[in-house]
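The values are calculated or read from the model by the stated rules, or taken from the named source; none is laboratory data. Not measured: the values here are computed from a predicted model. Glycine gets a Cβ as well: all are built from the backbone with ideal geometry, and neighbour counts include every protein chain shown. Calculation scope for accessible area: heavy atoms of the full protein, side chains included, ligands and nucleic acids excluded. Shrake-Rupley method; radii C 1.70, N 1.55, O 1.52, S 1.80 Å.
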Amino acid sequence: MLPYGRQSISDDDIEAVTAILRGDWLTTGPSVTAFENAVGELAGGHRAVSCTSGTAALHMAYAGLGVGPGDEVVTTPMTFVATASCAAILGAKVVFADVEEDTALLDPAAVEAVVTDRTKVIAAVDYAGHAADYDALQPIADRVGAKTLDDAAHSVGGFYKGRPVGDLADVTTLSFFPTKNLTTGEGGAVVAKDPAVAQKVHEFHFIGLVRDPDRFEITDEGPWHQEVHEHGLNYRLTDIASALGLSQLKRLDAFKKRRTEITARYNEAFASVDGVRTPAQRDHVDPAWHLYPVRILGDRRREIFEKMRAAGILVQVNYIPVYWHPVFANAGYQRGMCPNAEQFYREELSLPMYPDLTDADVDRVIETLTDLVS
C-alpha cells in the first residue's frame, strides 16, 4: 500500500525523543524554546510560538489578532475546514472568496470584491505547498485596515519571490502533522511579525497567564504570583514533540529536495496524458510541495479514485469546499458561490507524495494512473 502522505522517521529522530524521556523536562522546557527559535529563524527571523496542532495555531492566530463578533474573515474554500472554523468559533463571519482557476490559491481579485470595513483578516492558504500571492493580498488588507494571515500548513520551507514562508503575511500558521513537510507527531506554530501580536498569541496558548510584574493588577502578592487578564487555552507543545521537530528540521532541505524531484517526475510523466492536468506553478514561487494535486478531467475522478485505491495506491482528495460542510451549509452558505473552487474539487486527486517514496514507487503510481486514464 502506498499512502498519499507519510512521516519519515530516522534513528536520529528516535534518539532525540528518547533523550528527552531520559531527562528532566517533558513539557514547556528548553527543547520547546530551542524549537521555537529554530522555526522563527526559518520563517524570516520573527517570533514563533509552538502549539499542539495546526488547528490550534489558527485559533491562536485569530485570537492574537483580536478576531471576534462583528468581524469578517475573508478566506478560501479550498482548504481544510479549520482555516474557517477557527474564525467562526471566535464569533467572526466567514466570507469565502473564490480561488484562481489554475493554482486553486485565493484569488486577489475575488478578495477585492468582498472585503468591507468589517474585514479583520484576509486568510490565504498555501495550497499543496505553493505560496499564495501576498504582494497582491497585502495592499487589499492595508486599504481596509485588515491583517493578512498565511495558513502555511502545507508550505513550511517554501519561498515566494526569494522570501521564506513566515515572512510573507502579518501572521503565519504552520502544521507539523505526520503527513506535512516535517513533523512533531501532532503540532503547529504561529509566526507573527508584530511582537505585540506574538505576545498575545503566546499568552492565549498559555491559558492566558500574565507573568510580567509590570502588568499585574494585583500588586500585593508574593514572587509566585501570576494573573489571567483574558481567557486562554492550554495549547502548549511538549519538549518530547519539540525534540522530534528539532531533529526533523535538520532534514527539511532534504525533504523538500525529494518532494521537488517527485513532483518533477510526475509532471513530466503526465504532461502528455490526455485527461490529466498537472499542478500550476508560478515562476516567482519556490514551493515546498506537500501534495501533488493532479486533476482528472471528464467527470472520472471518483472512478479513478476507487480504482487507484483498489490497486493499493491510497490517493486522497483535498478538499471538499469548506462551505459544503453541513456546519456552514446549515448557516446559509450556498453551493455555487465559488465556481473555480468547486470545479477544482470535482477534478482533484492527491497522488502519493512523501520523501521516502522510491523511484520505483513513483513509477508504479505513474503507470497505474496512466493505464486507468487511458
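Numbers below:
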quantity: Gain upon complete extension [D356, F216; 0.36 nm per residue less C-alpha separation]; calculated: 45.3 nm
quantity: Sequence of M60, M1 when ordered by accessible area, the most exposed leading, probe 1.4 angstrom; calculated: M1, M60
quantity: Most to least packed among 23-33, 258-268, 102-112 [average Cβ atoms within 10 Å]; calculated: 102-112, 258-268, 23-33
quantity: I89, I207, ranked by accessible area, largest first (probe 1.4 Å); calculated: I89, I207
quantity: The chain: proportion of alpha-carbon pairs further apart than 36 angstrom, %; calculated: 23
quantity: Computed E for K93/S374 - FRET, C-beta separation, R0 35 angstrom, nearest 0.05; calculated: 0.15
quantity: Accessible area in square angstrom per residue, the chain, 1.4 angstrom probe; calculated: 43
quantity: Potential lengthening between R300 and K250 on full extension [0.36 nm per residue; Cα-Cα distance subtracted]; calculated: 13.9 nm
quantity: Calculated FRET efficiency for the pair A196/D363, C-beta based, R₀ 56 Å, to 0.05; calculated: 0.60
quantity: For the stretch 147-188 and the stretch 280-327, distance of Cα centres in Å; calculated: 20
quantity: Accessible surface of the stretch 204-283, 1.4 Å probe, proportion on carbon and sulfur as whole %; calculated: 49
quantity: Pair E268, I207: separation of 7 Å Cα→Cβ label points (nm); calculated: 5.6
quantity: Computed accessible area, V327, all protein chains, 1.4 angstrom probe, square angstrom; calculated: 110
quantity: Net charge contributed by nearby residues that have their C-beta within less than 14 Å of L252 (K/R +1, D/E -1); calculated: +2
quantity: Ordering of 39-51, 166-178, 7-19 by packing [mean C-beta count within 10 Å, highest first]; calculated: 166-178, 39-51, 7-19
quantity: Stretchable slack from V327 to V228, in nm (0.36 nm times residue separation minus alpha-carbon distance); calculated: 32.4 nm
quantity: Taking the C-alpha atoms of the stretch 96-136, convex hull volume expressed per residue in Å³; calculated: 72
quantity: Cα centroid separation, the stretch 107-138 to the stretch 30-51 (Å); calculated: 25
quantity: The stretch 213-322 - percent relative contact order, Cα under 8 Å, separation 6 or more; calculated: 15
quantity: Relative contact order computed over the chain (Cα-Cα under 8 Å; 6+ residues apart), in percent; calculated: 23
quantity: For the stretch 213-364, alpha-carbon Rg and Dmax in angstrom; calculated: 23.1, 75
quantity: Within the stretch 229-250, backbone nitrogen closer than 18 Å to the virtual label 7 Å beyond the Cα of T28 toward Cβ; calculated: 229-243
quantity: Percent of beta bridges antiparallel (DSSP, the chain, rounded to nearest 5); calculated: 60
quantity: Relative contact order, percent, the stretch 114-236 [alpha-carbon distance under 8 Å, six or more residues apart]; calculated: 16
